[in-house]
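> Quick one: this structure, given as structure tokens, is what I'll be asking you about.
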Amino acid sequence: MSLTHRPLILAGALAIFVGGYAAAQEIPGAPVTQEAPAPVKPTAPPEGDVRYDPGASEPETGEDVLVTEDRPMEKGRATTRVRREDLEVRQPRSAPDALRYEPGVYVQQTAHAQGSAFIRGRTGQQTVLLFDEVRLNNSLFRQGPNQYFFTIDSRTIDHIDVLRGSASTRYGSDALAGVVGAAPLEPTWAPGEGLKLNARAMTRHATADQEWGGRVQLDGQLAEGLGFIAGIGYRDVGLLESGGPIYNPENGKLPEVPRFDEDGRTQLGTGFRELTDDLRLVWKADRDVELTLAWYDYRQFDAPRTDQCPPAYAPFNECLEYEEQFRSLLYGAIDADLGPAAEEARVVVSWQKQHERRAQERPSSFVLNGGRDDVDTFGVLMRAATAPLRLEAPVSMRLRYGIDAYRDTVESVAWLTFTDLDITRVRSRGQYLDGSSYAWGGAWSEAEVTLLNEVVVRIGGRISHMEAKAPGDDPSGTLPVDRSWTTPVGNVGIEWWTTPWLTLLASADQGFRAPNLDDLTSRQQTGPGFQFENAALEPEEALTLEVGAQVASTWVELDAWVYHSTLEGSIARAPRNSQECPPDTRQCGSSWSRFQLVNLPGEAVIWGAEGSVKLKLPAGFSVRSTLSYAWGDGPNPQERPADPTLAYEERVPLSRIPPLNGSVEALWRGYGAWFGAAMRWATLQDRLALGDISDERIPRGGTPGFQVYDLRAGYRWDRHLMGALVVENITDEAYRYHGSSVNGPGRGLVFSLEAAY
């Protein structure tokens, strides 16, 4: 840990000590000091058990249920929330797609059946994904974009929270750039009644990819205090028609990715099928205790990876396809108010299985490369908060604290089939090493001190421990792994309510990421080329400094931030030659480019600005606009050439940093109906990293800018009927998000219908 980070660690340790003392003063049976009246702050969300009710004009607040705090996932930070009503208006194709209108978030797609949210220029292993507070991240998450947030059915989501900036104090390893957390739909309650059932059927069609799908859902209560929600969903998605090809800014030619059908608009390597099922049981044992048992299952079939179907410069009949992409999640949770020392207490025990089966066909060579990877994750999470403690007027304090632990076990196998001979040879190792394991966990605490009823100071710390184990494999030259790391981090922040409508904020927060099994053991084909492992990697450490301002008045909501993030020991791809390929890896030697992950010497930097403003106009009109900019560079991962006359740069752009981008949404709501328009835009991104230049997903010379316009309309009749229509890309713009393999949909219609009884 660098010297620059030690003050935050000491601050975190102090928070744990002071907070622990405060909690001890609130033990059951001890006198409870009354909290000083809290100031009225317009930006604070309402308290109470808030549940979006599609049949109500405002959210309903139950008075006979466990009271919880409906707030952003972390106070005093850059956060936004996508609510269920936003999903109804926007009609996103997936959970990642729902984030396209959030500041600081840029959604990349390696395939039509995938989507990865970049937060402040980072994604994949460097962001944490949550579902109902259960981590989706496992030790096989890849270095770049991944598809795992796509495996959450957007039809089961109540809202999505996005936290931007380092957040490892509360969320542990991987939270270098931020956190995306999805919260599921809850049962509909009928207080004072017994059996009460609600049936709901939904269907959706999109013309650009001929998507047809739907969901059947049953929810309600089986008895007073015992509720449930259950559903089954299905989608069949065809080839995606774009607005046409985009062209290389460098030479005006057509990029190699994606490949098009004869019409020059329909993209090969797109389309998939999807099946989901879920069951959620909730028992409100009493006012202070709620128990949940939940199952969520996602199954995706026959999803090509667009940039590898076919690969650049390969015959059109070659294709890498994810035959099966499954994720199953089973968990139980207890939410309770256990008294002054443990209000808002939550315990979650979970099991999750991520299953992936791939097939890479090369018919002209009579070869099929197959692989299957499974990772089982067992986890436990415990968190709580103390009641506010009055110290000395006008000072009060509250402590939040928790522990978490997860363990992965991995099964991995790969095979080579000679299709002309019908002979299959099982390789000595898979994409990962069969029998590998990874464990991580930690304890954290954060104190929140309110001064003079207008200043809030937050200070916290965490200690985490990670262990990675993998067997060696002599035929492939794979070394065994037995590594462990113990990492302390801390954070400090201040929130000043200067006026009833203006809040100023500042924070310093550390993030860290220990190398996972993908870094330490994997061999795989990535966008830039073939990537192989490095068992000697060390953790990445980040420090994010940010300042922000929030305005909340009758007519205006504004949220604006500037930030500076440094990353020490950043893990990046360094180029390698064919002689450095490990044994028994044909794909490495036959690839155009080869890379190995390394820790960069020195410091990588990302700085930027982002924000959103919403105007709440009379007669039901509103306008919301977002703006995001990020700039990053770091040490050159390529070794300095021996010839001093050759050009060499000490610092180079970081990979896949999004360009300047933003959005505008205008909406009218009234009498159950809505009408609106939206625009997304981005500028040219031509600051390219070394890996970006060799990545066929990025056109020569960078990704062109774009402007895309949509029209929206819909109507909801109480909770019984809802219809929504989006005319997307009305100018038929040909566009692509930077780093994507897939061009965006061309002009088309998205229609959704929902009926309930």
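The values are calculated or read from the model by the stated rules, or taken from the named source; none is laboratory data. Values in this document were obtained by computation on a predicted structure and should not be read as measured data. Neighbour counts are summed over all protein chains in view; Cβ atoms, including those assigned to glycine, are modelled from backbone coordinates with ideal geometry.
> Among the numbered criteria (1) among the aromatic types (Phe, Trp, Tyr); (2) buried (at least 16 other Cβ atoms within 10 Å of the Cβ); (3) out of contact with any Ser or Thr (no Cβ under 9 Å at 6 or more places or on another chain), which one does Trp631 miss?
Single failed check for Trp631: (2).
> Counting only residues that are crowded, with 24+ Cβ neighbours inside 10 Å and either of a type in the set (Val, Ile, Thr) or under 26 Å from Phe595 (Cα atoms) (or both), how many does segment 491-518 have?
Count: 7.
> Let me ask something else. Quick check on this structure: which one of Ser428, Ser437, Ser412 is closer than 30 Å to Glu533 by Cα, in contact with a Leu (Cβ under 8 Å, 6 or more places away or on another chain) and in contact (Cβ under 8 Å) with a residue 12 or more places away in the chain? Don't jump to the end; show me each part of the working.
On the way: Ser428 fails: in contact with a Leu (Cβ under 8 Å, 6 or more places away or on another chain); Ser437 fails: in contact with a Leu (Cβ under 8 Å, 6 or more places away or on another chain).
Testing whether each residue is closer than 30 Å to Glu533 by Cα, in contact with a Leu (Cβ under 8 Å, 6 or more places away or on another chain) and in contact (Cβ under 8 Å) with a residue 12 or more places away in the chain leaves just Ser412.
> I would also like to ask the following. Check Thr123, Thr110 and return the single one that is more than 25 Å from Glu546 (Cα to Cα), of a type in the set (Val, Ile, Thr) and touching a residue at least 60 places away in the same chain (Cβ under 8 Å). Break it down into steps so the answer makes sense when it comes.
On the way: Thr123 fails: more than 25 Å from Glu546 (Cα to Cα).
The match here is Thr110.
> Can I ask one more? Going residue by residue through segment 263-271, is there one that turns out to be closer than 30 Å to Cys309 by Cα, touching a His at 6+ places or on another chain (Cβ under 9 Å), surrounded by fewer than 16 Cβ atoms within 10 Å (Cβ to Cβ) and free of Cβ contacts under 8 Å to residues at least 40 places away in the same chain? Steps first, answer last, please.
Step one: filter segment 263-271 for residues closer than 30 Å to Cys309 by Cα, giving 263-271.
After this cut, where a residue has to be touching a His at 6+ places or on another chain (Cβ under 9 Å) as well, the list is 267, 269-271.
So of that shortlist, the ones also surrounded by fewer than 16 Cβ atoms within 10 Å (Cβ to Cβ) come out as none.
No, every residue in segment 263-271 fails to be closer than 30 Å to Cys309 by Cα, touching a His at 6+ places or on another chain (Cβ under 9 Å), surrounded by fewer than 16 Cβ atoms within 10 Å (Cβ to Cβ) and free of Cβ contacts under 8 Å to residues at least 40 places away in the same chain.
> Another question, if that's okay. Checking Gly435 against (1) modelled with pLDDT under 95; (2) part of a loop (DSSP other than H, G, I, E, B); (3) among the small types (Gly, Ala, Ser), which single condition isn't satisfied?
Condition not satisfied by Gly435: (1).
> Here is a further query. So for segment 477-490 (the condition being modelled with pLDDT of 95 or more, touching a His at 6+ places or on another chain (Cβ under 6 Å) and surrounded by fewer than 24 Cβ atoms within 10 Å (Cβ to Cβ)), does at least one residue qualify?
yes
> Quickly run through segment 104-121 and pick out the residues that are crowded, with 24+ Cβ neighbours inside 10 Å and not aliphatic (A, V, I, L, M).
Passing the criteria: Gly104, Tyr106, Gln108, Gln109, Thr110, His112, Gln114, Gly115, Ser116, Phe118, Arg120.
> Determine which single condition Leu197 fails, assuming it passes every other condition in (1) at pLDDT 95 or above; (2) in contact with a Gly (Cβ under 6 Å, 6 or more places away or on another chain).
Single failed check for Leu197: (1).
> Would a scan of segment 531-543 turn up a residue that is touching a residue at least 40 places away in the same chain (Cβ under 8 Å), closer than 30 Å to Ser663 by Cα and either of a type outside the set (Gly, Ala, Ser) or in a strand (DSSP E or B) (or both)? Can you show your working first?
The first filter runs over segment 531-543 and keeps only residues touching a residue at least 40 places away in the same chain (Cβ under 8 Å), leaving 531-535, 537-543.
Checking which are closer than 30 Å to Ser663 by Cα leaves us with 542-543.
Imposing the further condition that a residue be either of a type outside the set (Gly, Ala, Ser) or in a strand (DSSP E or B) (or both) reduces the set to 542-543.
Yes, because at least one residue in segment 531-543 is touching a residue at least 40 places away in the same chain (Cβ under 8 Å), closer than 30 Å to Ser663 by Cα and either of a type outside the set (Gly, Ala, Ser) or in a strand (DSSP E or B) (or both).
> How about segment 126-174: which of its residues are assigned to a helix (DSSP H, G or I), in contact with a Ser or Thr (Cβ under 9 Å, 6 or more places away or on another chain) and closer than 20 Å to Ser522 by Cα?
Correct list: Tyr148 only.
> Starting from residues that are surrounded by 23 or more Cβ atoms within 10 Å (Cβ to Cβ) and over 25 Å from Ser350 (Cβ atoms), keep the ones in segment 305-331 and report whichever is farthest from the chain's Cα centre (by Cα).
Pro310
> Could you grab the pairs with beta carbons closer than 8 Å, sequence gap of 6+ or different chains, first residue in segment 638-658 and more than 16 Å from Ala574 (Cβ to Cβ), second one surrounded by 10 or more Cβ atoms within 10 Å (Cβ to Cβ) and of a type in the set (Asp, Glu)?
Going by the 8 Å Cβ cut-off, the qualifying pairs are Arg656/Asp692.
> Oh, and also: Are there any pairs, at least 6 apart or on different chains, whose C-beta atoms fall under 7 Å, with the first in segment 460-482 and more than 30 Å from Met397 (Cα to Cα) and assigned to a loop (DSSP other than H, G, I, E, B) and the second at pLDDT below 95 and small (Gly, Ala, Ser), and if so, which?
That search, which allows pairs on different chains as well, returns Pro475/Ser428; Ser476/Ser428; Leu479/Gly472; Leu479/Ala535; Pro480/Gly472.
> Filter segment 175-203 down to residues that are more than 24 Å from the chain's Cα centre (by Cα) and assigned to a strand (DSSP E or B) and give me whichever is nearest to Asn743 (Cα to Cα).
So in segment 175-203, the residues more than 24 Å from the chain's Cα centre (by Cα) come out as 187-203.
With the extra rule that they be assigned to a strand (DSSP E or B), the set shrinks to 196-203.
On the way: Lys196: 46, Leu197: 43, Asn198: 40, Ala199: 37, Arg200: 34, Ala201: 31, Met202: 28, Thr203: 25 Å.
For segment 175-203, the residue satisfying everything is Thr203.
> Shifting gears a bit: How do the pairs read when you match residues in segment 717-736 that are under 14 Å from Gly672 (Cα atoms) with residues anywhere that are among the polar types (S, T, N, Q) and assigned to a loop (DSSP other than H, G, I, E, B), using Cβ under 7 Å and keeping only pairs 6 or more apart or on different chains?
Close Cβ pairs satisfying both conditions: Ala724/Gln91.
> Would you check which residues across segment 550-607 are part of a strand (DSSP E or B) and of a type in the set (Lys, Arg) and list them? Let's see the steps before the verdict.
Quick first cut of segment 550-607, residues part of a strand (DSSP E or B) only: 550-552, 556-568, 571-576, 594-599, 603-607.
Hits for segment 550-607 are Arg573, Arg576, Arg594.
> Another question, if that's okay. Residues that are surrounded by fewer than 18 Cβ atoms within 10 Å (Cβ to Cβ), under 30 Å from Phe418 (Cβ atoms), modelled with pLDDT of 95 or more and in contact with a Lys or Arg (Cβ under 8 Å, 6 or more places away or on another chain): does segment 348-357 have at least one? Please lay out each step first, then the result.
Of the residues in segment 348-357, the ones surrounded by fewer than 18 Cβ atoms within 10 Å (Cβ to Cβ) are 349, 351, 353, 355, 357.
Then keep just the ones that are under 30 Å from Phe418 (Cβ atoms); that gives 355, 357.
Cutting the leftovers down to modelled with pLDDT of 95 or more gives us 355, 357.
So of that shortlist, the ones also in contact with a Lys or Arg (Cβ under 8 Å, 6 or more places away or on another chain) come out as 355, 357.
Scanning segment 348-357 turns up at least one residue that is surrounded by fewer than 18 Cβ atoms within 10 Å (Cβ to Cβ), under 30 Å from Phe418 (Cβ atoms), modelled with pLDDT of 95 or more and in contact with a Lys or Arg (Cβ under 8 Å, 6 or more places away or on another chain).
> Quick one: in segment 581-614, of everything that is out of contact with any Gly (no Cβ under 7 Å at 6 or more places or on another chain) and among the β-branched types (Val, Ile, Thr), which residue is farthest from Ser565 (Cα to Cα)?
Restricting to residues being out of contact with any Gly (no Cβ under 7 Å at 6 or more places or on another chain) and among the β-branched types (Val, Ile, Thr), the top hit is Thr585.
> Additional query: Among the residues of segment 359-401, which ones are closer than 21 Å to Phe131 by Cβ, hydrophobic (A, V, I, L, M, F, W, C) and crowded, with 16+ Cβ neighbours inside 10 Å?
Once the filter is applied, which keeps residues that are closer than 21 Å to Phe131 by Cβ, hydrophobic (A, V, I, L, M, F, W, C) and crowded, with 16+ Cβ neighbours inside 10 Å, segment 359-401 yields Val375, Leu381, Met382, Ala384.
> Condition check: of a type in the set (Phe, Trp, Tyr) and closer than 18 Å to Leu185 by Cβ. Does Phe150 satisfy that? Break it down into steps so the answer makes sense when it comes.
Working: of a type in the set (Phe, Trp, Tyr): yes; closer than 18 Å to Leu185 by Cβ: no.
For Phe150, the condition - of a type in the set (Phe, Trp, Tyr) and closer than 18 Å to Leu185 by Cβ - is not met.
> Which of the residues belonging to segment 204-231 are farther than 30 Å from Asp286 by Cα, in contact (Cβ under 8 Å) with a residue 24 or more places away in the chain, not charged (D, E, K, R) and not in a loop (DSSP other than H, G, I, E, B)? Before the answer, list the steps.
Quick first cut of segment 204-231, residues farther than 30 Å from Asp286 by Cα only: 204-216.
Those still in the list that are in contact (Cβ under 8 Å) with a residue 24 or more places away in the chain too: 204-213, 215.
Still in the running and not charged (D, E, K, R): 205-208, 210, 212-213.
Of everything in segment 204-231, those that are farther than 30 Å from Asp286 by Cα, in contact (Cβ under 8 Å) with a residue 24 or more places away in the chain, not charged (D, E, K, R) and not in a loop (DSSP other than H, G, I, E, B) turn out to be His205, Ala206, Trp212, Gly213.
> Collect the residues in segment 293-324 that are touching a Lys or Arg at 6+ places or on another chain (Cβ under 7 Å) and under 30 Å from Leu338 (Cβ atoms), keeping them in residue-number order.
Result: Ala294, single match.
> Please go through segment 314-373 and give me each residue that is within 24 Å of Arg299 (Cβ to Cβ) and of a type in the set (D, E, K, R), ordered by number.
Matches in segment 314-373: Glu321, Glu323, Glu324, Arg327, Lys353, Glu356, Arg357, Arg358, Glu361, Arg372, Asp373.
> Please pick out the residue among Val727, Val742, Val708 that is part of a strand (DSSP E or B) and surrounded by 20 or more Cβ atoms within 10 Å (Cβ to Cβ).
The conditions single out Val708.
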